[in-house]
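I have placed the structure first, in the form of structure tokens, so that the comments after it can refer back to it.
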Amino acid sequence: MTTLIAAGRHIIATLAFVVLAMTWQGAMAQQPSSVNPTASAVQEDKLLQQLKTIQGRGSIPDVKSYTIEQPAGRDWRHFHEVTLRWIGAIAIVGILAVLVVFYLVRGMVRLESGRSGTTIVRFNAAERFVHWMTATCFIVLALSGLNVTFGKRLLLPLMSPEAFTAWSEWVKYAHNFLSFPFTLGVVLIFLMWIGGNIPNRADFEWLKRGGGIVGKDHPPAERFNAGQKLIYWIVVLGGAAIAVSGYMLIFPFYGTDIETMQSAAMAHGIIAMLFIAAMLAHIYIGTIGMEGAFEAMGQGTVDTNWAKEHHSLWLEEERRSAGGTRTQPIATPGE
Ligand code: HEM
């Protein structure tokens with residue numbers, strides 16, 4: 001019996017030793033004795049910084065897909081999800097705040113001499129058509145573009161993921177397809193109004209006197225004053241830049257690589273935010289900012305007193321050349 005107990009003890013002791021030895025070995029295997037993963041990660045990071053990308057090998061024709069890591073992609077994502085949102089929020093909310101304060105302080109620029117009862121043609125039907133076509137495309141492009149930047153953050157929490165997906169798909173189609181009439185509109189605006197938009201000495205005088213917007217002065221101006229010329233060049237140059245960068249995105253990798261695509265996306269986003277801010281100011285002056293201004297693009301005519309107050313040099317010129325190139329009567333009885 002004693003021998004049996006001694007043998008049992010021996011077996012238990014041997015088993016305990018074996019279990020202990022295995023546990024020890026297992027624990028030791030976890031220690032960085034032979035491999036140092038941190039050190040190798042540091043080496044990989046150095047390699048990545050030097051090479052800019054880490055490439056693998058592939059068998060499909062699209063060699064771009066062989067890129068495994070590209071830190072610039074992370075920078076781009078940060079720009080898209082953080083930096084651009086800040087730029088957009090500051091530009092758009094900022095300009096809206098400035099306009100509200102300006103309206104509360106300055107109020108609407110009134111027609112000081114009242115209505116004359118006669119009107120003068122300011123924009124013919126073709127000019128108005130091009131303006132409204134471009135403006136409509138711009139508004140849809142702006143809203144659909146803002147959906148790319150802010151939609152996930154602002155709209156997704158308000159609707160189901162399915163509804164947000166369907167909405168985003170539709171507005172993305174709108175963004176792609178309306179880019180063509182928008183580009184056409186920018187080209188036509190460039191050609192149609194370039195004649196009246198070359199800066200000259202009258203613009204400096206107009207600016208020096210606050211343009212009649214800041215104060216109560218009515219400095220003389222030609223068909224387009226310095227403020228309108230600025231808007232014209234923002235539309236022409238901004239429109240060209242936004243179209244070029246936009247088409248680089250719609251038609252990826254046609255003469256571009258991933259870096260130029262990323263730069264195009266960044267340029268497109270920044271220009272868009274500034275463009276939207278500028279157009280908000282333009283819309284303000286054309287509507288509640290100035291009495292009688294909307295009629296110019298709405299009906300195509302303005303009151304002659306409005307023309308006298310805001311574009312006196314243009315009115316004189318039109319009167320001198322009455323019966324000249326402009327086909328519609330320059331002064332017709334008002335309604
Ligand atoms: C010819 C004209 C235009 C073309 C070809 C174009 C094309 C594009 C394309 C392909 C994208 C990428 C969309 C995506 O990532 O799914 C985009 C984004 C965007 N577009 Fe346009 N676009 C044009 C005009 C405009 C205009 C006029 C505006 C606004 C004023 C605008 C605002 C934006 C904005 C805000 C984004 C999102 C930027 C971002 O968050 O990264 N686009 N556009």
*Straight-line reach from residue 208: which aspartates and glutamates have Cα under 16 Å away, leaving out those fewer than 8 places along the same chain?*
217, 222
*Relative to the present Cα-Cα distance, how much length would full extension add between residue 60 and residue 75 at 0.36 nm per residue of separation?*
2.7 nm
_Two-site FRET efficiency, residue 102 against residue 129, from Cβ-Cβ distance with R₀ of 22 Å, rounded to 0.05_ = 0.10
*Could you check the simple spin-label distance between residue 216 and residue 67, using points 7 Å along Cα→Cβ, in nm with one decimal?*
6.2
*Taking amide H positions as placed 1.01 Å from N in the peptide plane, with prolines and chain starts having none, which residues 5 or more places from residue 290, or on another chain, fall under 5 Å of its amide H?*
109
*Can you pull out the chymotrypsin sites (Phe, Trp or Tyr not before Pro) in the range 174-278 that DSSP calls coil and that have at most 10 other Cβ atoms within 10 Å?*
254
*Might you tell me the accessible area per residue for the range 123-167, computed with a 1.4 Å probe and given in Å²?*
58
*Return the distance in nm (one decimal) between the two label points of a simple spin-label model at residue 155 and residue 140, each offset 7 Å from Cα along Cα→Cβ.*
1.4
*Where does each of 216, 152 land when they are ordered by accessible area, with a 1.4 Å probe and the largest first?*
216, 152
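The values are calculated or read from the model by the stated rules, or taken from the named source; none is laboratory data. Small disclaimer: the values here were computed from a predicted structure and weren't measured. A quick note on method: Cβ atoms are made from the backbone with ideal geometry, for glycine too, and the neighbour counts reach across all protein chains shown. The area values use the complete protein model at the heavy-atom level, side chains included, leaving out ligands, DNA and RNA. Shrake-Rupley method; radii C 1.70, N 1.55, O 1.52, S 1.80 Å.
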